[in-house]
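K.L.:
Before I ask anything, here is the structure I am working with.
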Amino acid sequence: MHELGITRNIVAIVTEHAGDRRVKRVALEIGKLSAVMPDAVRFCFDVCSKDTPLEDAELEILETPGRGCCLECGAEIALDQPFGRCECGSARIECISGKELRIKEMEVY
């Protein structure tokens, strides 16, 4: 489960930026094509944030849908996986969103 390592890094980054302050809320953006499971991150967050400034912080996760652009006709299509086929028949699809994994914001007090 690579989500444990990812969540440890998220906690470390937020802790560094929070300084001496307690963290009230952390908002993450996780793309549907990122191969990161939001439920696993939620579970790991509780474990990784124990005894840190993030303990008891609220975790918000925004899941970004997968989108691709056909390199043949330029059409934009929804993607449920990192590859697909356009209505024009082309499989030359470039992923344009859905692979994100970022800390959007944090709230401290």
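The values are calculated or read from the model by the stated rules, or taken from the named source; none is laboratory data. Being a predicted model, the structure only gives us computed values, none of them experimental. Here Cβ is always computed from backbone atoms with ideal geometry, including for glycine, and neighbour counts include all displayed protein chains.
K.L.:
So if I check each of K99, K32, K24, K50, which one is within 17 Å of E3 (Cα to Cα), of a type outside the set (S, T, N, Q), over 18 Å from the mean Cα position of the chain (by Cα) and modelled with pLDDT of 95 or more? Let's see the steps before the verdict.
P.N.:
Working: K99 fails: over 18 Å from the mean Cα position of the chain (by Cα); K32 fails: over 18 Å from the mean Cα position of the chain (by Cα); K24 fails: within 17 Å of E3 (Cα to Cα).
Selected residue: K50, the only one of K99, K32, K24, K50 that is within 17 Å of E3 (Cα to Cα), of a type outside the set (S, T, N, Q), over 18 Å from the mean Cα position of the chain (by Cα) and modelled with pLDDT of 95 or more.
K.L.:
Can you tell me which of A91, A40, A78, A35 is assigned to a strand (DSSP E or B) and small (G, A, S)?
P.N.:
On the way: A91 fails: assigned to a strand (DSSP E or B); A40 fails: assigned to a strand (DSSP E or B); A35 fails: assigned to a strand (DSSP E or B).
Result of the check over A91, A40, A78, A35: A78.
K.L.:
Test V11 against the stated conditions and say whether it is modelled with pLDDT of 95 or more, in contact with a His (Cβ under 9 Å, 6 or more places away or on another chain) and on the phi < 0 side of the Ramachandran plot.
P.N.:
Numbers: modelled with pLDDT of 95 or more: yes; in contact with a His (Cβ under 9 Å, 6 or more places away or on another chain): no; on the phi < 0 side of the Ramachandran plot: yes.
The answer is no for V11.
K.L.:
Of the numbered conditions (1) under 12 Å from the mean Cα position of the chain (by Cα); (2) touching a residue at least 60 places away in the same chain (Cβ under 8 Å), R42 fails exactly one; give the number of that condition.
P.N.:
Single failed check for R42: (2).
K.L.:
Could you give me the residue pairs with C-beta distances under 7 Å whose first residue belongs to the stretch 90-109 and is touching a residue at least 40 places away in the same chain (Cβ under 8 Å), whose second residue is acidic (D, E) wherever it lies, and which are 6+ apart or on separate chains?
P.N.:
Short answer, once both residue conditions are applied: E100/E29; R102/E29; K104/E29.
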